[in-house]
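Input: a single structure, listed below in structure tokens.
What follows is calculated from the coordinates using simple rules that are stated; it is not laboratory data. It should be emphasised that the depicted structure is a prediction, and the values quoted were computed from it without experimental measurement. Positions of Cβ are generated from backbone atoms using ideal geometry, with glycine treated the same way; all protein chains shown enter the neighbour counts.
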Amino acid sequence: MNKEEYTITVYTENQIGLLNRIAIIFSRRKINIDSLNTSPTEVESVHRFTIVINETEDVVRKLCRQIEKQVDVLKAFYNTEDEVVWQEMGLYKVPTDEVAEKVKVERLLRQYGARAVVIRKDYTVFETTGHREETDGLIKALEPYGLIEFVRSARIAVIKDSSGFHEKLKSYESSAPGDELIENEFLNQQEEIFTM
Amino acid sequence: METINEVIEIKAEQTASQFPLQGAEGVEVSGSVAVLEALIAEGVTAIFGYPGGAIMPIYDALYDYETKLNHILVRHEQGGIHAAQGFARASGRTGVVFATSGPGATNLVTGLADAMIDSTPIVCITGQVFAHLLGTDAFQETDVINITTPVTKWNYQVTDATEIPAVLAKAFYIAGSGRPGPVLIDITKNAQLQLFDYKGYTKCEHIRSYRPKPIIRKEYVQEAAALINSAKKPFVIFGQGVILGKAEKEFAAFLEKANLPAAWTIMGMSAIPTDHPLGVGMLGMHGNYGPNVLTNECDVLIAVGMRFDDRVTGRLDKYAKQAKVIHLDIDPSEIDKNVKTTVPVWGDCKETLPLLTELLQANDHSAWLQKFADYAKEEEATCIRPELNPTTEALTMGEVIKTLNELTEGNAIIVTDVGQHQMVACRYAKYNNSKSNVTSGGLGTMGFALPAAIGAKYGAPETTVVAVIGDGGVQMTIQELGTIMQTGIDVKILILNNQFLGMVRQWQELFMEKRYSFTNIQSPDFVKVAAAYNIEGKKISERSELKNALKQMLDHHGSYLLEVMVGKENNVFPMVPQGCSVSEIRLK
């Protein structure tokens, strides 16, 4: 099996220490986390981790099961890149005089859909949002003009084939789980995972 | 004295009769009292603990609860948690441990790891420095939550007393349900002291993010049954899941319906009596010959409540490749973890086994069963006879266990430590009853047996408890003799002394050209050590003394230590060498 980029989406309770509990599932197996984002969800009190790793499906499936086994985890999904819509954001700090003088830079920025967030006498901060190639591309493009600082955010992703977590949560809250939940036991059947 | 919960009940009754629409009034209590009330409500009969600065308020409250809660003062926190494990394993109930912050809590880590890997239900309550001191490197402060995260099923830090009833209810629910495991609750000193309006204790029965039992998929049960019905050479392998699921009867019925040969892992041992006609022996590195070899010959392998440990499977890419695999487990993460499953049967085996049994056709399989018998005969001649009826001058571990069997008739709980004596005891001990084999299986913790035996006796007070321990392991937790002395508990300690760290020495002999690097261990005079703790004892080395000495030990009123000197360089066989396939098992 080949390694591939997977996005793992974990729905959890908002609990101190849970980030560590999830992180050590990866570090124990010496797996590097490429990107990790925590965020609220459309459901109050439910939190969401978005984790990106490069691994085989077999490993990712096992990781998801270990994550889902944690008491404070509601649900873990994994998806390949084409099953999610994702974005990352980059911030670029460049010397203002360089930008002002060279028209080429402005064109580059337009080309990368960037916008100025801060413009000061000494430096300007640009922001762009997109896929890895786009944020990476802008670094390359800005480097000749004295890029002072660059930072990229963690990836955020929504699963294309999902309809939110509200309904699902209802079945979790009842003590006798309904049919909704049965699908949870299908972690080894890819198609079924996306029927949230 | 009434417990606070009883006071609240009385109050509630009074309130209800006077003002039917109003709820019960609370009672102002401290966090410490709330902890103890929770333990009473959970039916806790034994707490193994050790006091210290940060848990003093709980111990102070315990002073008034001495008649309601049985607290056993251990000599080291590791001893405390192993005792709680022994209690849990022998009784099927959750073990409880108290320890203080810092070193008290870090001393629990080995036991937590052991309980985690062997799925033992434990609730540990540790004291912690005042909440305002967290993160300041205060005296005896340690980050217990983060240290214990990888070795607990769940852990939680309480900094406010009002959380205590709900958190403890959650702790007991999580520890004991689904696949059991250890839970640690860290309570800061201010929360233990804090007075709050206590409204009683409600047991936890549901947590929305936690589903202890996966939903059974009937179609998988049907597929599994069809596979077993069509099998010519079905082979059942089972682990502790049968015991944890309290499914011993359901499991025996399942085997008996279709005459399925079944072998146990070290943790599954005693789920069916060791002389059950369909029980073909133990799996794994030092398991029996037939079960190991025939794993690679069966056509359908049915794994029940076991996790395919590497000590069971040997080399994975040569493990049961010819077989279709059915895996029954309560923990979905176990499916496909090590061995690829053909049919996964998720669920509590107490529920899945009867469903499966119902669909099974009666079967004979006598030719297939005969194969196990043939291998057993070969093993008997090459390995078992020389071990149990030796012609050597020195005693063997096997004959000690055999003689013990004759005296206990399989009715004792046998607690073992880790090493050669453990493998010999597990190979040859007889068990009639479930939960009578207590051993450190997954983690292989030397020093486990002595404290675990103390706990096991509290868990099964009516049963004889024999701790079989090597001369190395007993020295790791020998301080627990003090616990035996002070409590007067009746534990029989059988030390099998070969004057070596035997299992490591065996590997050095077989795989490292007899380079006995630091395995030659000296022991104190164990009988004198026991005597210093007021425990009677005896040391023997002659075959002629064996039976009487064992009888004397078992008949003795109270604890007794018997040290038996055995052959120095005996090896445990059969053996699946590391990195070899189970079918490459060596008889010598």
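Order these by the 10 Å Cβ neighbour count, fewest first: B:114, A:34.
A:34, B:114
Which one of B:100, B:138, B:76 is farthest out on the positive end of the charge dipole of the stretch B:4-198, using unit charges on Cβ (Lys, Arg +1; Asp, Glu -1) and the Cα centre as origin?
B:76
Would you order B:523, B:544, B:440 from fewest to most other beta-carbon atoms within 10 Å of each residue's own beta-carbon?
Fewest-to-most ranking of B:523, B:544, B:440: B:544, B:523, B:440.
Scattering from the C-alpha atoms of the stretch B:4-198 alone, worked out with Debye: what is log10 I(q)/I(0) at q = 0.19 1/Å?
-1.27
At 25 °C and a viscosity of 0.890 mPa s, what translational diffusion coefficient does Stokes-Einstein give for the stretch B:417-544, taking Rh as the Kirkwood radius over Cα pairs? Give it in µm²/s as a whole number.
157
Using only Cα positions of chain A, each an equal point scatterer, no hydration layer, compute I(q)/I(0) via Debye at q = 0.15 Å⁻¹ and quote the log10 values to two decimals.
For chain A, the Cα-only Debye profile gives -0.92.
Could the peptides A:120-132, B:404-416 be put in order, highest first, of the mean number of other beta-carbon atoms found within 10 Å of their residues?
With the highest mean Cβ count within 10 Å placed first, the list reads B:404-416, A:120-132.
Cα centroid distance between the stretch A:1-76 and the stretch B:115-173, in Å?
Taking the Cα centre of the stretch B:115-173 as reference, the centre of the stretch A:1-76 is 23 Å away.
According to the square roots a ≥ b ≥ c of the eigenvalues of the Cα gyration tensor, what is the shape class of chain B, taking rounded for a/c under 1.5, prolate for a/b larger than b/c otherwise, and oblate for the remainder?
oblate
Specify the inter-centroid distance of the stretch A:102-129 and the stretch B:197-266, based on alpha-carbon positions, in whole Å.
62
What is the mean number of Cβ atoms from other protein chains located within 10 Å of the Cβ atom of each residue in peptide B:207-219, rounded to a whole number?
5
Could you pull out every one of the lysines with an alpha carbon less than 27 Å from that of residue B:514, ignoring same-chain neighbours closer than 8 positions?
Reachable lysines: B:568, B:588.
Label-point separation (nm) for residue B:391 and residue B:56, each offset 7 Å from Cα along Cα-to-Cβ?
6.8
Indicate the gyration tensor shape class of the stretch B:218-371 (rounded, prolate or oblate), computed on the Cα atoms with a ≥ b ≥ c the square roots of the eigenvalues: a/c under 1.5 is rounded; otherwise a/b larger than b/c is prolate and the rest oblate.
Rounded, because the longest to shortest axis ratio a/c is under 1.5.
What FRET efficiency comes out for the pair residue A:30/residue B:138, r = Cβ-Cβ distance, R0 = 45 Å, nearest 0.05?
After rounding to 0.05, the efficiency reads 0.85.
Quick check: pseudo-label points 7 Å beyond the Cα along Cα→Cβ at residue B:584 and residue A:14, how many nm apart are they?
It is 5.6 nm.
Filter B:402/B:547; A:75/B:153; B:232/B:257; A:140/A:160 down to the pairs with a C-alpha to C-alpha distance above 19 Å, please.
A:140/A:160
Between A:78, A:145, A:92, find the one with the highest GNM mean-square fluctuation for chain A; connect C-alpha pairs within less than 10 Å.
A:145
R0 = 45 Å: FRET efficiency of residue A:45 with residue B:485, Cβ-based, nearest 0.05?
Efficiency computed from Cβ-Cβ geometry: 0.30.
Please compute the Cα-Cα pair-distance distribution of the stretch A:40-117 with 5 Å bins starting at 0, giving whole percents from short to long.
P(r) over the stretch A:40-117, rounded to whole percents: 3, 10, 16, 15, 11, 10, 8, 10, 9, 6, 3, 0.
Quick check of the Kirkwood formula: for the protein assembly as shown, what is the inverse mean of 1/r over all pairs of different Cα atoms, in Å?
29.1
As a test of understanding, state the convex hull volume per residue of the stretch B:185-278 from its alpha carbons, in Å³.
Taking only Cα atoms, the stretch B:185-278 has a hull volume of 184 Å³ per residue.
Within a Cβ distance under 12 Å of residue B:474, other residues only, what is the Lys/Arg minus Asp/Glu net charge?
Computed value for this residue: -4.
Within a 10 angstrom radius of the beta carbon, how do B:124, B:298 rank from fewest other beta carbons to most?
B:298, B:124
Placing unit charges on C-beta atoms (Lys and Arg positive, Asp and Glu negative, everything else neutral), compute the dipole magnitude of the stretch A:86-152 about its Cα centre in debye, rounded to 20.
140
Describe numerically, in nm with one decimal, the distance between label points set 7 Å from Cα along Cα→Cβ at residue B:67 and at residue A:160.
7.2
May I ask you to compute the full-extension gain from residue B:205 to residue B:531, defined as 0.36 nm times their residue separation minus their alpha-carbon distance, rounded to one decimal in nm?
Result: 112.5 nm gained on full extension.
Taking a cut-off of 18 Å between Cα atoms, list the lysines near residue B:435, but don't count ones fewer than 8 places away on the same chain.
Once the sequence-local lysines are set aside, what remains near residue B:435 is B:246, B:249, B:350, B:457, B:492.
Rounded, prolate or oblate: which fits the stretch B:97-145, taking a ≥ b ≥ c as square roots of the Cα gyration tensor eigenvalues, rounded meaning a/c under 1.5, else prolate when a/b beats b/c?
It is prolate, given that a/c is not under 1.5 and a/b is the larger ratio.
Could the peptides B:198-211, B:249-262, B:27-40, B:491-504 be put in order, highest first, of the mean number of other beta-carbon atoms found within 10 Å of their residues?
B:491-504, B:27-40, B:249-262, B:198-211
Assigning unit charges at the beta carbon (Lys, Arg +1; Asp, Glu -1) and nothing else, what dipole magnitude in debye, to the nearest 20, does the protein assembly as shown show about its Cα centre?
Approximately 1580 debye in magnitude.
Do me a favour and compute the ellipsoid semi-axes for the stretch B:484-530 from its Cα gyration tensor, root of five times each eigenvalue, largest one first, whole Å.
32, 11, 7
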